[in-house]
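Values in this text are rule-based calculations from the coordinates and carry no lab data. Owing to the predicted nature of the structure, the values given are computational and were not obtained by experimental measurement. FYI the Cβ positions are ideal-geometry reconstructions off the backbone, even for glycines, and counts take in every protein chain you see.
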Amino acid sequence: MNSVKNGSYTVLVVDDDPSVLSTYRRLLGRSGYTTVSEDNPLRVLSQNGDDLRSVDLVLLDYKMPKMDGLTLLAELRRRECRARCILISAYLNDEVRLQAKALGVDRVMEKPVDVKLLRGALADLLSSGLGS
């Protein structure tokens, strides 16, 4: 994974729904981002640490069958992945929001995601500097 390619940023998208991944890949590609997508959080963790550190932003689904998004993010943080993060979920509650804040999630968005708001969040987070 390259973090900056032709002036774009690399966004890692993790969601267990293939149609959602496809939609995000199209949206991010049209916006000029390099996109790496994965439907299994455990495969993300099997990647080389340098690859994970080269990601600029992680777009995470919260509820996935093998591992929830915040557990994945906690492990990525432990591995020194300092990418900005947007958590997306249809299952938000105060506990999830508190956990997200503690892990340095930059934005929490509710499903269904408003594409315009997501584009704005990506642009804001990536233009405001990388890492935490």
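Data table
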quantity: R0 of 25 Å, Cβ-Cβ distance residue 127-residue 75: FRET efficiency to nearest 0.05; calculated: 0.35
quantity: The chain, relative contact order in percent, only Cα pairs under 8 angstrom and at least six apart counted; calculated: 23 percent
quantity: Choice from 57, 103, 73 with maximal GNM fluctuation in the chain (Cα, 10 Å cutoff); calculated: 103
quantity: Dipole axis of the stretch 4-124 (+1 Lys, Arg; -1 Asp, Glu on Cβ), positive-most option in 99, 23, 33; calculated: 33
quantity: Loop-resident sites, the stretch 1-108, for chymotrypsin sites (Phe, Trp or Tyr not before Pro), counting at most 16 other Cβ within 10 Å (DSSP); calculated: 91
quantity: Largest to smallest principal axis extent of the C-alpha atoms in the stretch 4-124, angstrom; calculated: 39, 32, 26
quantity: Where labels lie 7 Å past Cα in the beta-carbon direction, separation of residue 115 and residue 63 in nm; calculated: 2.5 nm
quantity: Cα-centred dipole magnitude for the chain, charges only on beta-carbon of K, R (+1) and D, E (-1), debye, nearest 20; calculated: 320 debye
quantity: All aspartates and glutamates inside 13 Å of residue 116 as judged from Cα atoms, apart from same-chain residues fewer than 8 positions distant; calculated: 124
quantity: For the chain, calculated [θ]222 nm from helices alone, where every DSSP H run of n ≥ 4 adds -39500 (n - 2.57); calculated: -12000 deg cm²/dmol
quantity: Rh (Kirkwood; distinct C-alpha pairs) - the stretch 49-114, Å; calculated: 12.0 Å
quantity: Stretchable slack from residue 42 to residue 82, in nm (0.36 nm times residue separation minus alpha-carbon distance); calculated: 12.6 nm
quantity: Positive minus negative residues near residue 75 (Lys, Arg vs Asp, Glu; Cβ under 15 Å); calculated: +3
quantity: Most mobile listed residue (120, 104, 29) in the chain, GNM with C-alpha springs under 10 Å; calculated: 120
